Amino acid sequence: MSIHQQIDDLLELVGGEFSGARALDDVRVISGHHRIQVSPMIRAACGYVAEEARRAGAPAEVVSFPANAGATYWTQRLFPEWSCEQAELSLDSGERLCRFSEDACSLIQRSSSLPPTEGEVVLWDPACGDDLRGKWALVRGDVQRALELACGRHGAIGLLTDPMNEIPGVRTRTDLYDFRQYTSFWWDGVAQPRGAGFVLTPRQGDRLRARLQQRERVRVRGHVRAAFRDGQTEDVVSFFPGETEAEVWVCAHICHPKPFANDNASGAATLLELARSFAALRAASRLPRLRRGIRLIWMPEMLGTYTYLATHEAEWRGRAVCAINLDMVGERQELTRGPFVVEHPPRAQASFAGDLATAILGRLSREAAALGSARRYALFKHEVTPFSGGSDHQILSDPSVGIGSPMLINWPDKYYHTSADTLEKVDPEALLRAGRLAGAYALLAATAGEQEARGLAGEMAAAFPGELHATLAERGAGGAEAERICDFFAEREQADLRSLAVLHPDLDVEPYCADVKAAAAAEARRQTADSVADASASANPWLAEAARVVCRRLISGPASLRSVLAAVPAEEREAWQAYAGGHRASGLLYEFWMDGRRTLAEVCEAVRLESGSADPVFAIRYARLLAAAGVVRLQEVM
């Protein structure tokens with residue numbers, strides 16, 4: 001049986017049990033909880049998921065981890081548990097601007113208690129050195145930094161902020177003029193000034209700013225009743241055992257404010273319905289024979305993945321062969337705008353996982369038949385993209401963890417991280433598609449033997465030439481640069497092919513590796529003949545320094561930047577914030593290539609070839625920051 005037929009059979013098997021309507025009901029319930037990480041509110045949502053999974057016959061347990069100012073999991077520092085009973089902000093005229101019970105996004109999450117306090121509102125930015133005692137600071141930008149300066153140093157009562165990040169081509173600030181953007185303080189377990197703040201709609205913020213700019217006096221009155229305590233954070237785990245100790249993971253974060261539906265009640269609900277589907281198939285003796293167990297994990301984003309991996313390392317290390325991350329998978333595309341995306345793991349982590357998810361998407365998208373031909377096509381927008389991060393798959397796919405994990409996501413989403421992310425934006429058909437893809441992925445990875453591994457190897461080798469050609473076309477590369485890119489991607493694809501050994505150790509993938517190498521060589525010759533362009537990096541004096549340094553990582557998992565900044569002296573933290581505040585480079589890709597053997601210059605070259613750009617200045621400064629926090633050790637090459 002061909003790999004395509006096997007995928008089709010699994011898609012049909014999962015689709016026969018998975019109910020998009022039932023998953024939508026779960027989105028309704030989960031999104032009704034204010035699911036802030038490390039809070040009693042998210043605990044209630046976890047309890048619902050575990051109870052519903054058990055009711056359907058799926059094994060499920062809530063796993064708790066201590067959460068307090070001293071709790072650290074790898075580089076992730078946790079913070080005390082937070083709860084909020086009441087919060088409200090009004091103008092001195094009596095006009096109410098917001099109330100937490102009516103709009104949970106109206107409070108900066110993790111605000112401290114504040115007795116009813118009235119004060120004048122002032123426009124403020126970090127360059128101001130004014131005495132703010134008795135005043136509210138109206139700010140934009142990093143609220144954590146504003147809290148440290150405006151409240152901690154200059155004595156402001158609290159913060160007012162009116163953000164609405166624009167997404168090019170999808171939303172402007174005025175598109176969501178009467179909604180609020182999710183905004184939070186983050187306590188990192190060190191002595192930081194606590195305080196309170198409220199989130200205004202763009203319309204409210206613009207109105208206040210206009211009045212202040214006309215030198216009109218504006219006063220507001222606000223109060224917050226909230227509490228911090230040593231508590232706990234929870235993951236929910238459901239496990240379907242296999243014949244061996246090896247495992248396949250399917251993950252979805254369950255956190256975020258009420259009423260967020262697509263982010264990520266959609267992923268959590270899809271995973272819950274998948275648990276029901278597997279349980280029903282098992283009860284009917286229709287669940288395929290599992291060579292590897294399937295572990296389903298619901299967690300607070302990032303925090304829950306760090307806590308689980310760090311606490312259960314002896315149980316998963318060397319056993320988890322791949323994973324898939326469900327994040328924002330239910331979008332009604334005609335409203336939210338973005339396509340359904342399969343995002344691959346980073347190239348530094350050799351894994352077949354991205355190719356497996358892509359192959360299943362290819363079969364899933366054969367929904368409609370063309371008139372007068374055998375061609376089939378999708379009734380939904382979809383894309384396959386390289387790694388960009390931003391969710392739990394970036395932790396799993398870190399080479400120091402080694403669990404290759406693609407992500408399923410609809411991106412971009414017009415309503416992302418705003419109070420407009422509500423239930424009517426969720427499509428049960430989209431939930432069904434995501435559930436079918438994730439279910440087929442988990443079952444194929446859990447049941448695969450020699451035949452399936454060989455079929456996937458053939459699929460990977462066949463797809464490689466087109467993927468390489470598209471990468472070169474996108475970058476406009478030619479000449480020697482095209483040769484470098486071809487060599488890089490051929491080497492990484494061969495590493496991905498060899499990772500199939502976890503499915504069948506005796507599989508001979510070398511013929512497929514030879515096909516990949518030959519395809520890359522042919523593409524390089526074609527690009528060299530057709531173009532004289534050479535986009536190679538120009539000489540950079542920082543590269544000389546980078547060539548003398550090797551970074552050895554000391555702690556598993558990607559560094560939690562907030563925790564890193566909390567671990568360094570204040571002057572280093574402020575220097576980094578001043579440098580990186582407007583810097584778009586992400587440190588993730590650089591970290592992933594820091595293997596203790598490559599120099600930092602070689603790390604930069606790998607990042608450049610993988611992503612199309614790299615910044616040696618950023619790489620050096622980032623490596624120094626990680627070293628100051630004790631996350632890496634810098635060794636000079638002799």
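Read the figures in this text as sums done on the coordinates, not as results from a lab. The model shown is predicted, which means the values in this text are computed figures rather than measured ones. Don't worry about glycine lacking a Cβ; one is built from the backbone with ideal geometry, like all the others, and counts go over all protein chains shown.
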(message) Spelling out what I want: for every residue of region 385-390, take phi, set θ = phi - 60°, compute 6.51 cos²θ - 1.76 cosθ + 1.60 (Karplus), and round to whole Hz; glycine and proline get x.
(response) 10, x, 4, 9, x, x
(request) Beta carbons within 10 angstrom, averaged per residue: use that to sort the peptides 341-353, 469-481, 45-57, highest first. (result) 341-353, 45-57, 469-481
(request) Mind putting a number on the dipole of region 451-530 about its Cα centre? Charges go on the C-beta only, +1 for Lys and Arg and -1 for Asp and Glu, and I need it in Debye to the nearest 20. (result) 160 debye
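Per the Kirkwood definition applied to all pairs of different Cα atoms, how many angstroms is the hydrodynamic radius of region 451-530?
One over the average 1/r among Cα pairs gives 12.9 Å for region 451-530.
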(request) Hey, can you grab everything whose amide H is under 5 Å from the amide H of Ala246? Only 5+ residues off in sequence or another chain; H modelled, so Pro and N-termini drop out. (result) Gly293
(request) Express as a percent, rounded to the nearest 5, the fraction of DSSP beta bridges in the chain (both residues included) that run antiparallel. (result) 60 percent
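Rounded, prolate or oblate: which fits region 81-229, taking a ≥ b ≥ c as square roots of the Cα gyration tensor eigenvalues, rounded meaning a/c under 1.5, else prolate when a/b beats b/c? Each step should come with its number before you reach the end.
On the way: a/c = 1.27, a/b = 1.13, b/c = 1.13.
Rounded shape, in that the Cα axes give a/c under 1.5.
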(message) Could you tell me how far the Cα centroid of region 337-407 sits from the Cα centroid of region 79-129, in Å?
(response) 41 Å
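Give me the percent relative contact order of region 541-636, please, defined on Cα pairs under 8 angstrom at least 6 residues apart.
Working: 113 pairs, mean separation 47.9, N = 96.
Dividing the mean separation by the residue count of region 541-636 yields 50 percent.
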(request) Using Cα centres only, tell me the gap between region 38-54 and region 431-478 in whole Å. (result) 34 Å
(request) Output ³J(HN,Hα) for region 226-235: one whole-Hz value per residue in order, computed from phi by the Karplus curve 6.51 cos²θ - 1.76 cosθ + 1.60 with θ = phi - 60°, and x for Gly and Pro. (result) 9, 8, 10, 7, 5, x, 7, 10, 10, 10
(message) Could you give the length gained by full extension between Ile167 and Glu102, i.e. 0.36 nm per residue of separation minus their alpha carbon distance, to one decimal place?
(response) 20.8 nm
(request) Compute the whole-percent fraction of alpha carbon pairs in the chain spaced more than 47 Å apart. (result) 17 percent
(request) Determine the gain in length on full extension of the stretch Glu51-Gln214; use 0.36 nm per residue of separation and subtract their C-alpha separation, reporting nm with one decimal. (result) 53.1 nm
(request) Under 14 Å Cα to Cα from Lys517, which aspartates and glutamates show up? Leave out anything in the same chain fewer than 8 places away. (result) Glu467, Glu483, Asp487, Glu491, Glu493, Asp496
(message) Given the options Val607, Val248, Ala623, identify the residue whose Cα lies farthest towards the positive end of the charge dipole of the chain (+1 on Cβ of Lys, Arg; -1 on Cβ of Asp, Glu).
(response) Ala623
(request) Return a whole-number percent for the relative contact order of region 451-530, with Cα pairs under 8 Å and 6 or more residues apart as the contact set. (result) 48 percent
(message) Spelling out what I want: for every residue of region 122-133, take phi, set θ = phi - 60°, compute 6.51 cos²θ - 1.76 cosθ + 1.60 (Karplus), and round to whole Hz; glycine and proline get x.
(response) 10, 6, 9, 9, x, 6, 6, x, 5, 6, 10, 4
(message) Just to be sure I understand: of the beta bridges DSSP finds with both ends in region 81-229, what percent are antiparallel, rounded to 5?
(response) 60 percent
(request) Pull up all non-local amide H partners of Val63: gap of 5 or more, or a different chain, and H-to-H distance under 5 Å with H placed in the peptide plane. (result) Asp235, Val236, Val237
(request) Please order Arg99, Arg376 by the number of other Cβ within 10 Å, starting at the fewest. (result) Arg376, Arg99
(request) Post the alpha-carbon centroid distance, region 189-264 to region 15-31, in whole angstrom. (result) 24 Å
(request) Report, ordered by chain and residue number, the lysines lying within cross-link reach of Lys381, taken as a straight Cα distance under 18 Å and ignoring same-chain residues fewer than 8 apart. (result) Lys414, Lys425
(request) For region 221-352, state the semi-axes of the equivalent ellipsoid (square roots of 5 times the eigenvalues of the alpha-carbon gyration tensor), sorted largest first and rounded to whole angstrom. (result) 29, 21, 17
(message) Using the Cα centre of region 81-229 as origin and beta-carbon charges of +1 (Lys, Arg) and -1 (Asp, Glu), tell me which of Ala104, Val122, Phe185 is placed farthest towards the positive end of the dipole.
(response) Val122
(request) Would you mind calculating the relative contact order of the chain from Cα pairs under 8 angstrom and at least 6 residues apart, reporting the percent as a whole number? (result) 16 percent
(message) To the nearest 20 Debye, how big is the dipole of the chain about its Cα centre, given +1 on the beta carbon of each Lys and Arg and -1 on that of each Asp and Glu?
(response) 1240 debye
(request) Using only Cα atoms, find the angle between the long axis of helix 20-31 and the longest principal axis of the chain, and express it within 0 to 90 degrees, rounded to the nearest 10. (result) 30 degrees
(message) Using amide H atoms built in the peptide plane, which far-off residues or other-chain residues are under 5 Å from Val426 H to H?
(response) Arg332
(message) Charges on Cβ only, +1 for Lys and Arg, -1 for Asp and Glu, centred on the Cα centroid of the chain; of Ala268, Pro558, Gln232, which one is farthest towards the dipole's positive end?
(response) Gln232
